[in-house]
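The structure appears below as structure tokens.
The values are calculated or read from the model by the stated rules, or taken from the named source; none is laboratory data. These figures come from a predicted structure and were not determined experimentally. No Cβ is skipped: glycine too gets one built from the backbone with ideal geometry, and neighbour counts run over all protein chains shown.
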Amino acid sequence: MPSVSTLSTAEPALLVQLSDSHLFAEAQGTLLGMNTRESLQKVIELVRAQQPQIDLILATGDLSQDGTLESYQLFRDLTRPLDAPTRWIPGNHDEPQIMAKAAVQSALLEPVVDIGNWRVTLLDSAVAGSVPGYLQDEQLQLLARSLSEAPQRHHLVCLHHHPVSIVVRGWSQSGCVIPKRCLRCWSVFRRCALCSGTCASGN
């Protein structure tokens, strides 16, 4: 399994999660009145100021709002100054085929990566044409294989949709349907953490 760092298993790893950037090809594109390009630029500036040494960047979905190749290329360009290995997973607004074109000849879409004493597994919970997510059989198989192949490691499992229902006043909820067999798979690994990337609205 590829490792993205020379960290020993005794050293801590610093990961940065970026999610829901909702970029447009158009420079002035806005979502809910906010220029998403400018927003991501400010986030990147803050990360660079606070975290000069990053071991891995996790872009956990909805990188794009309009699903254009230009928006994904823009995400790559804006995050390049962070100078760290990066992995992407799609959200409900992303276009996986276009995302794949933007990631060609790179490791951006590799779903499993080792870093220090951690194994990071990125699952695709997006469903075409749907806001709520679902973990398909191939994703469950990927998870089971990743966990079983590295029982000595700590595990971080990432997906775009939140795995449990979240109710926030004024916002809709759109979580991910996780089959019970997946939850049983998780339960046997005591050193397994989970991160999701969706915003509260899921829109």
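Kindly check whether there is at least one residue in segment 38-59 that is touching a Cys at 6+ places or on another chain (Cβ under 8 Å) and not polar (S, T, N, Q).
Yes, because at least one residue in segment 38-59 is touching a Cys at 6+ places or on another chain (Cβ under 8 Å) and not polar (S, T, N, Q).
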Of all residues making up segment 78-104, the number that are outside any strand (DSSP E or B) and either of a type in the set (Ser, Thr, Tyr) or within 21 Å of Ser5 (Cβ to Cβ) (or both): 8
So Val167, is it over 30 Å from Thr9 (Cα atoms), modelled with pLDDT of 75 or more and not acidic (Asp, Glu): no
Out of Ala49, Ala10, sole residue that is exposed (fewer than 11 other Cβ atoms within 10 Å of the Cβ) and part of a helix (DSSP H, G or I): Ala49
Test: residue in segment 52-61 that is of a type in the set (S, T, N, Q) and crowded, with 17+ Cβ neighbours inside 10 Å: yes
